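Here the structure comes first, spelled out in structure tokens, and everything after it is commentary.
Rule-based calculations on the coordinates, nothing more; no lab input. This structure is a prediction, so every number in the text was calculated from the model and none was measured. Heads up, the Cβs are rebuilt from the backbone with ideal geometry, glycines too, and the neighbour counts pull from every protein chain shown.
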Amino acid sequence: MYQSDFSNADRPPASWRDYLVPQDWARFTAEEHRVWDTLFTRQVPYLGNRIVAPFLAGIPALGLDEPGIPELGRLNARLQPETGWGLASVAGIVPDAAFFAMLAERRFPIGNFIRGADNLDYLTEPDCFHDIFGHVPMLAHPPVARLMQALGRLGVAAIAAGHGEIIARLYWHTVEFGLAREAGEVKILGAGLASSFGEAHVALEADLSRPRFTLPAAANTPYRNDVFQPLYFVSDSLEGTAAALESLDLAGLSALAR
Ligand SMILES: [Fe+2]
């Protein structure tokens, strides 16, 4: 999920469980599994070591290097013992209040569809390649596991307090489209970059702005969900940003709003 625009923020929140659907893994066709394999075998060498180390460690640890679209039951059996996170199948974008409520309970939504073979680089909404390949390896890393839950709890409170846009920006500029320093080098951090063929290199190499991530700067910088980002925030470290977000409460978040 990475297309939040808070158009749903004023609606009464439904239980996130209302959005769950069976993955029905057996319904995926051979061609759909081939699309996954094509995307996976293209993306791993494309990313190389330009992405933070916990991401690269998470892929074999969770068996994501096995062929075909992962079956969520098998994937959960590997992920849950690591960090307590679980994956739940959804039909499409989950409204923001329900999305953050899921995160607060260490549940991450996975779109139960995959892009077509003739449209490998165009997404109208996040599919299972984005949701699984982009997000799930990081959920096996304890600092990110804690960070994502903290964002969920804070998100629920922020939306209720009318600050949904602030939490969306903090989410976007870190776990979705953020960069982070690691051993002195700028690396990909966000799932939207990790799963994109094209934007990952743009984010690292194009002539554009890469401001240092701070809570006030990110909280006050809008993002785009329809084109490549105009800028990418660079965290001093994944662990440092995770700790800063974990310790942020609603009062602190509200104070960030200009
Ligand atoms: Fe996402």
Within segment 51-84, the residues whose backbone N lies under 12 Å from a label point placed 7 Å from the Cα of ASP37 along the Cα-to-Cβ direction are 66-69
Checking GLY73, GLY86, GLY164 against a Gaussian network model of the chain (alpha-carbon springs below 10 Å), the top fluctuating residue turns out to be GLY73
Over all viewing directions the Cα convex hull of the chain casts an average projected area in nm² of 12.5
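Mean residue ellipticity at 222 nm from the helices of the chain, using -39,500 (n - 2.57) per DSSP H segment of n ≥ 4 over the full residue count, to the nearest 500 deg cm²/dmol? Don't skip to the answer; put the middle values down first.
Details: 12 runs with 111 residues, N = 258.
Taking each H run of at least 4 residues, the total per residue is -12500 deg cm²/dmol.
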Taking the alpha-carbon centre of each part, the distance from segment 47-78 to segment 186-256 in Å is 22
Taking R0 as 35 Å and r as the Cβ-Cβ distance between ALA117 and ARG224, the FRET efficiency 1/(1 + (r/R0)^6), rounded to the nearest 0.05, comes to 0.85
Expressed in nanometres to one decimal, the distance between label points 7 Å along Cα→Cβ at ALA77 and ALA257 is 4.6
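For the chain, what are the DSSP H helices with axial Cα length of 30 Å or more and mean Kyte-Doolittle hydropathy of at least 1.6? Intermediate results must be reported in sequence, preceding the final value.
Values: long enough: none.
Correct list, ordered by number: empty.
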Counting sequence-distant residues (5 or more places) and residues on other chains, those with an amide H built under 5 Å from that of LYS187 are ALA180, ARG181, GLU182
Restricted to the chain, the DSSP antiparallel beta bridge percent, nearest 5, is 35
Residue span ASP236 to ASP249: 0.36 nm per residue of separation minus Cα-Cα distance leaves a gain in nm of 2.6 nm
One quarter of the C-alpha convex hull surface, i.e. the mean projected area of segment 49-107 in nm², amounts to 5.2
Going residue by residue through segment 198-208, the Karplus relation 6.51 cos²θ - 1.76 cosθ + 1.60 with θ = phi - 60° gives ³J(HN,Hα) values, rounded to whole Hz and with x marking Gly or Pro, of x, 6, 4, 6, 4, 4, 8, 10, 5, 7, 8
